[in-house]
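Right, one structure below, let's go through it.
The values are calculated or read from the model by the stated rules, or taken from the named source; none is laboratory data. Worth saying up front: this structure is predicted, and the values here are computed from it rather than measured. Glycine gets a Cβ as well: all are built from the backbone with ideal geometry, and neighbour counts include every protein chain shown.
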Amino acid sequence: MKTLLLLIIPFVFTMACHRSDKNMPGETVATRARIVSNLAVDGCNWHIEVANADSSNTETFIPTLATEPMVKAAVPAFGTEDAYSFINISLKYRRANTKRDLLCGFLRTLSVEEIEVLEIRKIK
């Protein structure tokens, strides 16, 4: 019994201390990200990719319709027919808790979380 407890207790504490990379709704996040369009190679239409702290996972977002003009102002290619782009940006955003469809290769769509873009600038 003691052996079982000695195995379980560290596991419970490890799980309780684990921090998720996902930010909470309404939390403002400032990060480096990429605006991507790779539909031409069976990827997806224009979207924003944000990597977690160790770059082991990437989340895909779409700006809300209300903040798309801000993205377009910072990155004029956004939303155009430019079929293959990877543009590094500095981004401040909040999760919008809504989803929208993203067109991808082979006419499939992904339901992607929207973000409210607060600040954006292209990194040269």
Inset, instruction - Look at Asn45 and say whether it is within 17 Å of the chain's Cα centre (by Cα), under 13 Å from Leu103 (Cα atoms) and modelled with pLDDT of 90 or more. - result: yes
Inset, instruction - Within the stretch 49-86, work out how many residues are over 13 Å from Leu118 (Cβ atoms), aliphatic (A, V, I, L, M) and at pLDDT 95 or above. - result: 3
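Kindly indicate which of Ala33, Ala96, Ala66 is touching a residue at least 40 places away in the same chain (Cβ under 8 Å), part of a strand (DSSP E or B) and touching an Asp or Glu at 6+ places or on another chain (Cβ under 9 Å).
When all the criteria are applied, what remains is Ala33.
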Inset, instruction - Filter the stretch 69-79 down to residues that are out of contact with any helix residue (DSSP H, G or I) (no Cβ under 9 Å at 6 or more places or on another chain) and outside any helix (DSSP H, G or I) and give me whichever is nearest to Ile123 (Cα to Cα). - result: Val75
Inset, instruction - Mind counting the residues in the stretch 55-76 that are of a type outside the set (S, T, N, Q) and touching a strand residue (DSSP E or B) at 6+ places or on another chain (Cβ under 6 Å)? - result: 8
Inset, instruction - Only one of these is of a type in the set (Ser, Thr, Tyr) and touching a residue at least 40 places away in the same chain (Cβ under 8 Å): Ser111, Ser85. Name it. - result: Ser85
Legend entry - Search result, residues across the stretch 1-30 that are surrounded by 10 or more Cβ atoms within 10 Å (Cβ to Cβ), assigned to a loop (DSSP other than H, G, I, E, B) and at pLDDT 55 or above: Lys22, Asn23, Gly26, Glu27, Thr28
Legend entry - Every residue from the stretch 68-82 that is within 16 Å of the chain's Cα centre (by Cα) and within 16 Å of Thr31 (Cβ to Cβ): Val71
Inset, instruction - Scan the stretch 83-102 and give yes if some residue there is exposed (fewer than 14 other Cβ atoms within 10 Å of the Cβ) and over 15 Å from the mean Cα position of the chain (by Cα), otherwise no. - result: yes
Legend entry - Cβ pairs under 6 Å, 6+ apart, first in the stretch 37-54 and surrounded by 13 or more Cβ atoms within 10 Å (Cβ to Cβ), second of a type in the set (S, T, N, Q): Ser37/Ser85; Leu39/Asn45; Trp46/Ser37; His47/Thr60; Glu49/Thr58; Glu49/Thr60; Val50/Thr31; Ala51/Thr58
